[in-house]
Amino acid sequence: SIRHVASSLLSSSTSERGIDMDPMWIELRSSPKLYLSAVRMTVGELVEKLLRTLSSNEEKTSVTFLNILGIFQEMADFLFSDHKRLNEALTTLKNIFVQHRLVGNPLTLSQILCTYTSLLIQMEAALESHDCLKDFINLLFDVIEKIKSESNHLLKMVACECLRELEMNYPGLLMVKVGHFYGMSLAENSCIHQSYLGLFATTLEHTVKDLVGRQRDTRDVHVHTDLLSYAEPLKPYFLPDSFNTPGTVLSQPSSTSVAQSDLGLDFQEVKKGVSYVLEHSHLMTPCYLVQVSQKLMACVQSSGLSPMIFKSLFLHYSSSMDIQLFHLVLLLKVG
């Protein structure tokens, strides 16, 4: 029965070895309120016991761990409607990651990062708790900066994707670090190179749009254009002063492209960054390449660079039989 499965799973005195979470997963997803009624438990009690299961020192399978994190992500609106409960969950997840980072299973550690990112965005915790967001970004930076380390490629890849997801949901959040991301993508030469390229391209797009938007507003020819270099260290990270709600970090320019001479800005650094990513397009999967190419096209359009920069990419994939790359060629054609 449901009650038997839940009591077996959630009992803090019972070993986690061999526990099957599938029945709980199915029942909780199909009818959360009915499930809680059957096990005579409140939402708060359920979350508390799940967090206790995650953080306990008792042996548990990776499947159990991943299923609980999956419940947190899929049922976030139901489980974490209370802000205090959400903060407790974020704190627990962060502590587990820090505690087990050097010896833990890379798969479960990576899923912790995904779950944390999902909760920040889904529940708008990034807007409610700036300290949680700032600390998490610094934690992700600590993971991705170890470029030449051959260990934990999976963890570094996931950390890059978490940062990219945050940047896409809060444009301009990481644009002060675009030079660092460029340097990392230059140094990274492993199988996860595309994740560093994607993070750089996404941040570059928002940086260029912000640069153009601020110059339009101020007509200040001294707006900083040295995009691909950096003087400050990667950490610590501080949130932009304008960070409040999605989109407010970024100074949005008009949708029409502009000539560089009209703005009085030099976008050679943008051209350098775009060219570098295009030169390494063969290292990306088709799906990832389409996403990154759209970011680069936005950079070119906003800065007024010549679209001929995509000529080599267009010719290389013009005869591709891959449906995603075929649509990319069409997109480049009309762009």
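Look at the range 320-335 and say how many of its residues are at pLDDT 90 or above, over 9 Å from residue 286 (Cβ atoms) and assigned to a helix (DSSP H, G or I).
The number of residues fulfilling the criteria is 6.
Working only within the range 142-194, note down all residues that are over 18 Å from residue 285 (Cα atoms) and β-branched (Val, Ile, Thr).
143, 144, 147, 176, 178 - these are the residues of the range 142-194 that are over 18 Å from residue 285 (Cα atoms) and β-branched (Val, Ile, Thr).
When only residues in the range 270-287 that are open to solvent by less than 40 Å² (accessible area, probe 1.4 Å) and either under 18 Å from residue 180 (Cα atoms) or part of a helix (DSSP H, G or I) (or both) count, which is modelled with the lowest pLDDT?
Step by step, filter the range 270-287, then rank; the result is 270.
Take the residues of the range 137-162 that are small (Gly, Ala, Ser) and under 14 Å from residue 196 (Cβ atoms): which is surrounded by the fewest Cβ atoms within 10 Å (Cβ to Cβ)?
Within the range 137-162, the first condition is being small (Gly, Ala, Ser), and the residues that meet it are 149, 151, 159.
With under 14 Å from residue 196 (Cβ atoms) added as a condition, the list becomes 149, 159.
Numbers: 149: 11, 159: 26.
Checked the range 137-162; the qualifying residue surrounded by the fewest Cβ atoms within 10 Å (Cβ to Cβ) is 149.
Going by the conditions given, is residue 121 crowded, with 16+ Cβ neighbours inside 10 Å, under 25 Å from residue 168 (Cβ atoms) and either in contact with a His (Cβ under 6 Å, 6 or more places away or on another chain) or of a type in the set (A, V, I, L, M) (or both)?
On the way: crowded, with 16+ Cβ neighbours inside 10 Å: yes; under 25 Å from residue 168 (Cβ atoms): yes; either in contact with a His (Cβ under 6 Å, 6 or more places away or on another chain) or of a type in the set (A, V, I, L, M) (or both): yes.
Taking the combined requirement at face value, the residue satisfies it.
Output the number of residues of the range 301-319 satisfying the condition of being open to solvent by less than 80 Å² (accessible area, probe 1.4 Å) and touching a residue at least 40 places away in the same chain (Cβ under 8 Å).
Result for the range 301-319: 4.
Check every one of the helices (runs of 4 or more DSSP H) wholly within the range 102-146 and list those with 3 or more residues that are at pLDDT 95 or above. So that I can check it myself, show each step before the final result.
Working: elements: 106-122, 125-128, 130-144.
Hits in the range 102-146: 106-122, 130-144.
Is it the case that some residue within the range 150-158 is more than 22 Å from residue 206 (Cβ to Cβ), among the acidic types (Asp, Glu), in contact (Cβ under 8 Å) with a residue 40 or more places away in the chain and outside any helix (DSSP H, G or I)?
Scanning the range 150-158 turns up at least one residue that is more than 22 Å from residue 206 (Cβ to Cβ), among the acidic types (Asp, Glu), in contact (Cβ under 8 Å) with a residue 40 or more places away in the chain and outside any helix (DSSP H, G or I).
Does residue 97 meet the test of being open to solvent by less than 10 Å² (accessible area, probe 1.4 Å), over 19 Å from the mean Cα position of the chain (by Cα) and either hydrophobic (A, V, I, L, M, F, W, C) or modelled with pLDDT of 90 or more (or both)? I'd like the intermediate steps shown before the answer.
Values: open to solvent by less than 10 Å² (accessible area, probe 1.4 Å): yes; over 19 Å from the mean Cα position of the chain (by Cα): no; either hydrophobic (A, V, I, L, M, F, W, C) or modelled with pLDDT of 90 or more (or both): yes.
The answer is no for residue 97.
Scan the range 288-306 and tell me whether some residue there is assigned to a helix (DSSP H, G or I), of a type outside the set (Ser, Thr, Tyr) and under 15 Å from residue 179 (Cα atoms). Steps first, answer last, please.
Residues of the range 288-306 assigned to a helix (DSSP H, G or I): 288-303.
Next, only the ones that are of a type outside the set (Ser, Thr, Tyr) stay: 289-292, 294-301.
So of that shortlist, the ones also under 15 Å from residue 179 (Cα atoms) come out as none.
No, there is no match, as no residue in the range 288-306 is assigned to a helix (DSSP H, G or I), of a type outside the set (Ser, Thr, Tyr) and under 15 Å from residue 179 (Cα atoms).
Which one of 17, 3, 52, 29 is at pLDDT 85 or above, open to solvent by 20 Å² or more (accessible area, probe 1.4 Å), of a type in the set (Lys, Arg) and more than 25 Å from the chain's Cα centre (by Cα)?
On inspection, the qualifying residue turns out to be 52.
The values are calculated or read from the model by the stated rules, or taken from the named source; none is laboratory data. Here the structure is a predicted model, which means the values were calculated and not measured. Methodologically, a virtual Cβ is constructed for each residue, glycine included, from the backbone with ideal geometry; neighbour enumeration extends over all protein chains shown. Ligands, DNA and RNA are excluded from the accessible area calculation, which covers all protein heavy atoms including side chains. Shrake-Rupley method; radii C 1.70, N 1.55, O 1.52, S 1.80 Å.
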